[in-house]
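Asks: Could you have a look at this structure, given as structure tokens, before my questions?
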Amino acid sequence: MKKRGQVTIFIIIAIIVIGAIVTFFTFQDQIKSLFTSQEDSIYLFVETCIKDVGQDAIYLTSQKGGYFISPELSTSKGIAYYYINGENNLPSQKIIEEQISFYIKNMLSLCTQNFSDFPDFEISQEQVDVETDIKNEEIMFDVKYPLTIKKEDSVTRIEDFENIKIPIRLGIIYNTAKEIIQNQLTRDDLCISCISNIALENDLKIDLTAEDEDLLFTITDENSLIKNVPLKFSFANKYP
Amino acid sequence: MTKIKTSKVRIFLLISILMIIPLVSSDIFPTDYSEEMGLKKGTVIGWGLELKKQTTQEGDSDVTSYRLHFIDEGATLGVREDIFTNIVRELKSLHPTYIKFNEDGDIINADFTVNEDGGNYTFEGEVIRALPGSRIFFDIDTGVKVEVPDNTDLTSFPDLSEFFPEEIILKGENIQLPDDMELIDGELKIEDNGYYLEQGTLEYKQMLIDSDGVLIANSDADLSGYDGAWIKQTSSELGMQSIEGNSIQVEFLENHEILNTDTKDKLTINIENGDGLKFEERSDQGLVPEVIHKSSDNGETKIYNDKLEFSFKEDELSVSPPQGLENEDFLNKYQSVAIEIESDSSNINQKIRVNSYRQFAILSENDEELVTYNEYGLPISTKIEDNELQTLEQLREKYPELEFGIAEDSEFPEDMEESDFPAYLVYYTDLSLESHSDAVENLNKISYGNYLQAYSRPNSEIEIGRLLVDPSELESHSIKIRDVTNPLYRFQHEYEHQLDKLVMAEELTVIKNLNDPEITALFNKAEDEEINVLEETSKIYYEKYPEAMLHQKYNEIAIEAIEKLDETTNPLFNVLKENDDYVSALTGIPYAYSLENYNENKDASSSFYLELSSTYREQPIETRRMNVQSSNPTTSEIYTKLTQLAFDSGKMDIDEYKEIMGEDYCYDPDCLDRLCSEYKLLCCEEHPNSINC
């Protein structure tokens, strides 16, 4: 009788073990997908932060002529000079892209807040690298943000956040500024009809503000909204 | 004996006569100069004259001419049938006084001044009636010019053409003429359809006209077919047209009928080489005058409107780059003339709208603003009523509840007169008051001084520096303090201080009524001793009660921001700190200035500087909106709190609140679900139905 009892226990244990194995293999995809969907949410979270920070970067750099750190040749308010006493000082599009990238690189962590929104995960992060590409109708970000995500025994690594787009016409705005400067280089006065034709062609509004010997240009684009606010891009000209 | 005696007497008389005759002969007996001049006897005779012969080389031949100078009093010249008399002698006229002849005895040149009797003089068969004191110039190539004495008034002559028929040029300075005209300095001809200004400057219908040839046409003149330069003004229209090789400059004076100018307005136009302008009065529509520019192939038009210089040339409209304003410019003249300009040039499709405050806008054909200048978010309007407010007196009329005047007891010199107030300052004051509907109720006085800053003063007074609205007076350290360029923001800043004071006063009343023994004792003590009731009460209240006063809430935010700055390890901090941008970049607080006072006194209970409140509120709504939505949680949190504080304390209305926070931010249409969430002391008294109370 004792032997029969021991066998019963072993059978029960065997059933449980087999049951667990079958259960595991039956539901392993769901288990994996449960873990993967949380990983996706971390990805989406970072992507949202990139877009958010990216928008802030565009907004803030646009206020100073495409610079986050004002260049040496700028007004007392830190707005870059694009034209100084007959000389061309227009930054290249690449410089503006680098400034935006710089901002995102340094401020992204303030948005992700050490992933405190994901307490179930242990997430370590490495240095952020950002590539910004300004096109006519949009700005695209490629971000390398290496993250190691640990949960229990599972470790996942994600790092590439590519082709993140923001529909801002910064390329058009930059080219408008470039056209204004190129026109200015050919003359001493300011061709208002030329500037207004450029504004009309590109569906922009341009405000001029005189400050001593500087003239500030602010290009407003109602078609480029950052958090529902039209983008304003400013730069300055200095006249002799 | 008698016979001899008689002979001796006759000889004596004859000798005497012969001796006397030479002495008087020149006055009585004319001299015939004809023979000396190689002319038939009797052609040229006169007295009191001196003949000078002149031989000059013209090409290969010698040319002889003769000048008869009028040297004696009453000198007279007869040339064939024509008499030249009543001429001031040379020594008295102080200029060469003569008539010059060629070898044929024709008058080719003359220069003489007519005496007090006036006279008629004939040149080339034309009789000139010369007014007393006139100086007559004649040249066979250019005709007769009559220079009247300075300041001569010719308005009493019903028909000046009697004295100045066509082809006779009137020359002089400050000559009053009929038809509301004054020849300032120059030469003009009187023609059937007006006055032709040959050269110089003329004042007409409140215009100073300067040209090298323009017809000032009668208002009813028909100029169709006229191919010269002209200016013509009627009661509703002013037109002007230049021609190739010609220019016209017009400076508009006070009270010009079409442009409605005043003493501070400054408008000058210059057209040349074929360009034209037409000004049309539109007061019946309530609009400022319209100006139509008529372009030409080689022409140019310049419009100097106060310090704005517009130029139409080669199918382009340009403006001169900004010039640094001098203080005197700002004191004396800061007013443009409100007009709207269109051009018939195919390449200039836009309208130019200039207001009375040196702002302009370029608009598309659909009246859409494409380019603006010094807009500062202020309207650039073509309505007369929007351009009329220009003096302090008008402000007083519009806002009788407020006092306007020069700042008293200011720490800055009071060297400003009311007449120095630029119109722009009046305009901006009006717009500031209009954009704050409760300002008239909350303020007592707006005063002005001759400096850059603005202040919130006791007794509900805001003090504004005149230079605050002058874009050229940007202080070099403004980036460290704040953006001082937009005048509306400056008013908002100071007004916010006033609102904070009102809130604090109301809070004190509520706190006093708590009947807290310690606080009550303080108020009692204040009746006998000089103590700072607000400061002392705040300290006690902050320690004992959970719902902080408004200024304490701001202090808490500021101190928290300072601590975050002190703690940050963000590498960006070190880079930004060099430019003082770090405060804004890392915490969202508007400027380093916003926290300046808190650094010294981290006392949340009783720090009263409240620059955080005012610098937040002076920022454009879109900036605050952006910051509420910032990806930086610190910035977002701070701006949400600052916005909530302004709303909870009643300083911000619901429309502005929703514009910043978003239309969907509140569930309740009156935002009762959000109200009083940050500040409760007065808010819950006012809105006890808020779910946060």
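Asks: So, in segment A:103-118, exactly how many residues are open to solvent by less than 40 Å² (accessible area, probe 1.4 Å) and either at the interface with chain B (Cβ under 7 Å from one of its Cβ atoms) or in contact with an Asp or Glu (Cβ under 8 Å, 6 or more places away or on another chain) (or both)? Before the answer, list the steps.
Replies: The initial filter retains those residues of segment A:103-118 that are open to solvent by less than 40 Å² (accessible area, probe 1.4 Å), namely A:103-104, A:106-108, A:111-112, A:115, A:118.
Checking which are either at the interface with chain B (Cβ under 7 Å from one of its Cβ atoms) or in contact with an Asp or Glu (Cβ under 8 Å, 6 or more places away or on another chain) (or both) leaves us with A:103, A:106-107, A:111.
Number of matching residues: 4.
Asks: Checking residue B:506 against (1) under 49 Å from the mean Cα position of the chain (by Cα); (2) open to solvent by less than 60 Å² (accessible area, probe 1.4 Å): exactly one of these is not met. Which one?
Replies: Checking residue B:506 against (1) under 49 Å from the mean Cα position of the chain (by Cα); (2) open to solvent by less than 60 Å² (accessible area, probe 1.4 Å), the one that fails is (2).
Asks: Do we find that residue A:206 is among the β-branched types (Val, Ile, Thr) and part of a helix (DSSP H, G or I) in this structure?
Replies: The answer is no for residue A:206.
Asks: On to the next question. Do we have residue A:201 as open to solvent by 40 Å² or more (accessible area, probe 1.4 Å) and within 24 Å of residue A:54 (Cβ to Cβ) here? Let's see the steps before the verdict.
Replies: Values: open to solvent by 40 Å² or more (accessible area, probe 1.4 Å): yes; within 24 Å of residue A:54 (Cβ to Cβ): no.
Taking the combined requirement at face value, the residue does not satisfy it.
Asks: Going by what's in this entry, would residue B:404 be described as touching a strand residue (DSSP E or B) at 6+ places or on another chain (Cβ under 8 Å), surrounded by 13 or more Cβ atoms within 10 Å (Cβ to Cβ) and more than 14 Å from every other protein chain (Cβ to nearest Cβ)? Steps first, please.
Replies: On the way: touching a strand residue (DSSP E or B) at 6+ places or on another chain (Cβ under 8 Å): yes; surrounded by 13 or more Cβ atoms within 10 Å (Cβ to Cβ): yes; more than 14 Å from every other protein chain (Cβ to nearest Cβ): yes.
Criteria met by residue B:404.
Asks: I'd like to check which strands (runs of 3 or more DSSP E) are fully inside segment B:234-335 and have at least 3 residues that are open to solvent by less than 70 Å² (accessible area, probe 1.4 Å), at pLDDT 90 or above and within 14 Å of chain A (Cβ to nearest Cβ). If you could, list the steps in order and put the result at the bottom.
Replies: Details: elements: B:237-241, B:247-252, B:267-272, B:276-280, B:290-294, B:300-305, B:308-313, B:316-319.
Passing ranges, in order: B:300-305, B:308-313, B:316-319.
Asks: Can you tell me which of (1) β-branched (Val, Ile, Thr); (2) crowded, with 23+ Cβ neighbours inside 10 Å; (3) in contact with a Gly (Cβ under 9 Å, 6 or more places away or on another chain) is the one residue B:643 doesn't meet?
Replies: (3)
Asks: Next question, about the same structure. For segment B:37-150, list the strands (runs of 3 or more DSSP E) that sit wholly inside it and hold at least 3 residues that are open to solvent by less than 30 Å² (accessible area, probe 1.4 Å) and under 21 Å from residue B:168 (Cα atoms); which are they? Show your work before the answer.
Replies: Numbers: elements: B:44-47, B:49-58, B:61-70, B:76-79, B:82-84, B:98-101, B:107-113, B:119-123, B:126-130, B:135-139, B:143-147.
Hits in segment B:37-150: B:98-101, B:107-113, B:119-123, B:143-147.
Asks: Quick one: how many residues across segment B:565-579 are open to solvent by less than 80 Å² (accessible area, probe 1.4 Å) and either within 13 Å of another protein chain (Cβ to nearest Cβ) or touching a residue at least 60 places away in the same chain (Cβ under 8 Å) (or both)?
Replies: Step one: filter segment B:565-579 for residues open to solvent by less than 80 Å² (accessible area, probe 1.4 Å), giving B:565, B:568, B:570, B:572-573, B:575-576, B:579.
From the residues that got through so far, the ones that are either within 13 Å of another protein chain (Cβ to nearest Cβ) or touching a residue at least 60 places away in the same chain (Cβ under 8 Å) (or both) too are B:568, B:570, B:572-573, B:575-576, B:579.
Going through segment B:565-579 one residue at a time, the tally reaches 7.
Asks: Something else: Given the residues B:577, B:651, which is the only one that is of a type outside the set (A, V, I, L, M, F, W, C) and within 30 Å of residue A:69 (Cβ to Cβ)? Don't jump to the end; show me each part of the working.
Replies: On the way: B:651 fails: within 30 Å of residue A:69 (Cβ to Cβ).
Within the list B:577, B:651, the selection yields B:577.
Asks: Residue A:219 versus (1) within 11 Å of another protein chain (Cβ to nearest Cβ); (2) touching a residue at least 12 places away in the same chain (Cβ under 8 Å); (3) over 22 Å from residue B:367 (Cα atoms); (4) within 23 Å of the chain's Cα centre (by Cα): which is the lone unmet condition?
Replies: Going through the list (1) within 11 Å of another protein chain (Cβ to nearest Cβ); (2) touching a residue at least 12 places away in the same chain (Cβ under 8 Å); (3) over 22 Å from residue B:367 (Cα atoms); (4) within 23 Å of the chain's Cα centre (by Cα), residue A:219 breaks only (3).
Asks: A further question follows. Of the residues B:460, B:478, B:538, only one is modelled with pLDDT of 85 or more and either on the phi > 0 side of the Ramachandran plot or within 14 Å of chain A (Cβ to nearest Cβ) (or both); which?
Replies: Checking each option against the conditions leaves just B:460.
Asks: Continuing with this model, one more query. For residue A:185, state whether it is more than 10 Å from chain B (Cβ to nearest Cβ) and more than 16 Å from residue B:373 (Cα to Cα).
Replies: Working: more than 10 Å from chain B (Cβ to nearest Cβ): yes; more than 16 Å from residue B:373 (Cα to Cα): yes.
For residue A:185, the condition - more than 10 Å from chain B (Cβ to nearest Cβ) and more than 16 Å from residue B:373 (Cα to Cα) - is met.
Asks: Could I ask something else about it? Being under 24 Å from residue B:244 (Cβ atoms) and either buried (at least 17 other Cβ atoms within 10 Å of the Cβ) or out of contact with any Pro (no Cβ under 9 Å at 6 or more places or on another chain) (or both) is the requirement here; does residue B:223 meet it? Talk me through it step by step, then tell me what you get.
Replies: On the way: under 24 Å from residue B:244 (Cβ atoms): yes; either buried (at least 17 other Cβ atoms within 10 Å of the Cβ) or out of contact with any Pro (no Cβ under 9 Å at 6 or more places or on another chain) (or both): yes.
So residue B:223 fits the description; yes.
Asks: For segment B:664-693, which residues satisfy the criterion of being over 49 Å from the mean Cα position of the chain (by Cα) and among the acidic types (Asp, Glu)?
Replies: The answer is B:668, B:673, B:678, B:685, B:686.
Asks: Return the residues of segment A:188-203 that are under 25 Å from residue A:240 (Cα atoms) and at the interface with chain B (Cβ under 7 Å from one of its Cβ atoms); say none if nothing qualifies. Lay out the reasoning, then the answer.
Replies: Applying the first criterion (under 25 Å from residue A:240 (Cα atoms)) to segment A:188-203 yields A:188-196, A:198.
A:189, A:190, A:191, A:192, A:193, A:194, A:195, A:196 - these are the residues of segment A:188-203 that are under 25 Å from residue A:240 (Cα atoms) and at the interface with chain B (Cβ under 7 Å from one of its Cβ atoms).
Asks: Enumerate the pairs (first residue in segment A:189-215 and touching a residue at least 60 places away in the same chain (Cβ under 8 Å); second residue anywhere and open to solvent by 30 Å² or more (accessible area, probe 1.4 Å)) with beta-carbon separation below 6 Å, excluding pairs fewer than 6 apart on the same chain, so at least 6 apart or on different chains.
Replies: A:211/B:474; A:214/A:238
Asks: Based on what the data block shows, is residue B:624 open to solvent by less than 40 Å² (accessible area, probe 1.4 Å), among the charged types (D, E, K, R) and within 30 Å of residue A:115 (Cα to Cα)?
Replies: yes
Asks: Here's another thing I want to ask about it. Out of all the residues in segment B:362-373, which are within 8 Å of chain A (Cβ to nearest Cβ), open to solvent by 20 Å² or more (accessible area, probe 1.4 Å) and of a type outside the set (D, E, K, R)?
Replies: Scanning segment B:362-373 gives a single hit, B:373.
Asks: Quick one: would you say residue B:200 is touching a Pro at 6+ places or on another chain (Cβ under 9 Å) and not in a loop (DSSP other than H, G, I, E, B)?
Replies: Working: touching a Pro at 6+ places or on another chain (Cβ under 9 Å): no; not in a loop (DSSP other than H, G, I, E, B): yes.
Answer is no for this residue.
Asks: Separate question: Name the pairs whose Cβ atoms lie under 7 Å apart, with the first residue in segment A:42-54 and more than 23 Å from residue A:170 (Cβ to Cβ) and open to solvent by 10 Å² or more (accessible area, probe 1.4 Å), the second of a type in the set (Val, Ile, Thr) and not in a helix (DSSP H, G or I), and 6 or more positions between them or separate chains?
Replies: Listed by first residue and then by second, the contacts come to A:43/A:158.
Asks: Just checking, which of B:376, B:357 is over 19 Å from the mean Cα position of the chain (by Cα) and either within 9 Å of chain A (Cβ to nearest Cβ) or assigned to a loop (DSSP other than H, G, I, E, B) (or both)?
Replies: Details: B:357 fails: over 19 Å from the mean Cα position of the chain (by Cα).
Exactly one residue qualifies, and that residue is B:376.
Asks: Any residue in segment A:214-226 that is surrounded by fewer than 17 Cβ atoms within 10 Å (Cβ to Cβ) and not in a strand (DSSP E or B)?
Replies: no
Asks: Is it the case, given these coordinates, that residue B:661 is crowded, with 16+ Cβ neighbours inside 10 Å, modelled with pLDDT of 90 or more, within 14 Å of chain A (Cβ to nearest Cβ) and under 44 Å from the mean Cα position of the chain (by Cα)? It would help to see each step written out before you state the result.
Replies: Numbers: crowded, with 16+ Cβ neighbours inside 10 Å: yes; modelled with pLDDT of 90 or more: yes; within 14 Å of chain A (Cβ to nearest Cβ): yes; under 44 Å from the mean Cα position of the chain (by Cα): yes.
Here the answer is yes, as residue B:661 does meet what is asked.
Asks: Something else about it: Could you tell me whether segment A:60-71 includes any residue that is more than 11 Å from chain B (Cβ to nearest Cβ), closer than 21 Å to residue B:574 by Cα, open to solvent by less than 20 Å² (accessible area, probe 1.4 Å) and modelled with pLDDT of 95 or more?
Replies: Yes, some residue in segment A:60-71 is more than 11 Å from chain B (Cβ to nearest Cβ), closer than 21 Å to residue B:574 by Cα, open to solvent by less than 20 Å² (accessible area, probe 1.4 Å) and modelled with pLDDT of 95 or more.
Asks: If you check A:173, A:206, which single one turns out to be closer than 29 Å to residue A:87 by Cα and more than 14 Å from chain B (Cβ to nearest Cβ)? Step through it out loud before you land on a result.
Replies: Values: A:206 fails: more than 14 Å from chain B (Cβ to nearest Cβ).
After ruling out the rest, the residue left standing is A:173.
The values are calculated or read from the model by the stated rules, or taken from the named source; none is laboratory data. Note that this is a predicted model, so its numbers are computed, not measured. Glycine also receives a Cβ, built like all others from the backbone with ideal geometry; neighbour counts cover every protein chain displayed. These area figures cover heavy atoms from the full protein model, side chains too; ligands, DNA and RNA do not enter into them. Shrake-Rupley method; radii C 1.70, N 1.55, O 1.52, S 1.80 Å.
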